[in-house]
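Here the structure is laid out as structure tokens; the discussion comes afterwards.
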Amino acid sequence: MRKLAIGAAVSGALALTGLAAPTALADSPDLTFGAITVNSGKPIVVGTKAKVTVPVTYSFTRPSDLAIDYKNNFLGVALYRGRLAEPDNSIESSSKKPTCTTTATTDTTVTESCATTLTIAPRSYLYEGADATTWKAAAFYTDVAIDEDDSDDHIGFHVGSDIWGNLGTAKLQRLAKATVNATPEPVTKGKTLTVKGKLTRADWNTRSYAGYKGQKATLQFKAKGAPAFTDVKTVTSGTAGALSTTVKASKDGSYRYTFSGTSTTAAVTSASDYVDVK
């Protein structure tokens, strides 16, 4: 199980110190946050190799005299699961400056609405099935003070960070794949047609696709010239995610399998297999 600190500066500071946190911190910035929305509220579906970049929007209110320049200080978002103080895993937003618009001001505060992205590289962030779950969203603020003037034989590098958790949620799901193959082709009208296939899903432990056993998949058929597919029957995936059933061949058309998904695995529909009936 990989455990990450939230925010590159935060993780670096913790790794260097290894010290217990004090009971109170001084000079935390006076920031408040609205809800963080990840991927427009839709599940994030991730396979085994391809990076997935999702949009993130959020709002926050800062003191009018606190300028965030993304050079000396930084405000970002992250996803985490587990405890905020010691997450089981976390994913940070892009290091690029977000796009922000001022939406309200007072004599002492500024409210901004921002957009950024989260890029999820499965090989870098996802290592176990437990990652297919609902994650929480957090916001983190980091400021850096650097003194590189060594004329006095002294340099300094100081990092301060604050993190606010439970500001939203995002569901992360495994990418699924499905196949279909109808035999024999062509087939004589009235004869038995065997329709096989396979249902698999991303396994982040092995970086491959593993059979998804015990799941309901629906065989669908679309006759030649018909506008849409219709349900034929439901089958349950077996060993290694195998799908198999038989039907009577009646007319030319295409077969496919469709899987409606689960809480941990995204829905998927196979490509179609056209069968010529003689």
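The values are calculated or read from the model by the stated rules, or taken from the named source; none is laboratory data. Just so it is clear, the structure is predicted and the values come from calculations on it, not from any experiment. FYI the Cβ positions are ideal-geometry reconstructions off the backbone, even for glycines, and counts take in every protein chain you see.
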Exercise for the section: May I ask you to verify whether Ile146 is among the aliphatic types (A, V, I, L, M), more than 16 Å from Thr169 (Cα to Cα) and touching an Asp or Glu at 6+ places or on another chain (Cβ under 8 Å)? Expected result: no
Handout entry: Those residues of the stretch 52-84 which are touching a helix residue (DSSP H, G or I) at 6+ places or on another chain (Cβ under 8 Å) and not aliphatic (A, V, I, L, M), in sequence order
Key = Pro55, Phe74, Arg81
Practice task
Sort through Gly156, Gly214 and tell me the only one that's assigned by TED's automatic domain parsing to the domain that holds Gly34 and free of Cβ contacts under 8 Å to residues at least 60 places away in the same chain.
Solution key: Gly156
Exercise for the section: Within the stretch 79-90, identify whether any single residue is touching a strand residue (DSSP E or B) at 6+ places or on another chain (Cβ under 6 Å), assigned to a strand (DSSP E or B) and either within 14 Å of Leu31 (Cα to Cα) or at pLDDT below 90 (or both), and answer yes or no. Expected result: no
Handout entry: Flag if Gly214 is surrounded by fewer than 16 Cβ atoms within 10 Å (Cβ to Cβ), on the phi > 0 side of the Ramachandran plot and not charged (D, E, K, R)
Key = yes
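Working carefully through the options Thr116, Thr101, Thr61, Thr48, find the one that is of a type in the set (Val, Ile, Thr), part of a loop (DSSP other than H, G, I, E, B) and either closer than 24 Å to Arg207 by Cβ or outside the structural domain of Gly211 (by TED's automatic domain parsing) (or both).
Thr48
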Handout entry: Pairs where the first residue, in the stretch 70-88, is aliphatic (A, V, I, L, M) and the second is outside any strand (DSSP E or B), C-beta under 6 Å, 6+ apart
Key = Leu75/Ile68; Val77/Ile36; Ala78/Ile6; Leu84/Gly165
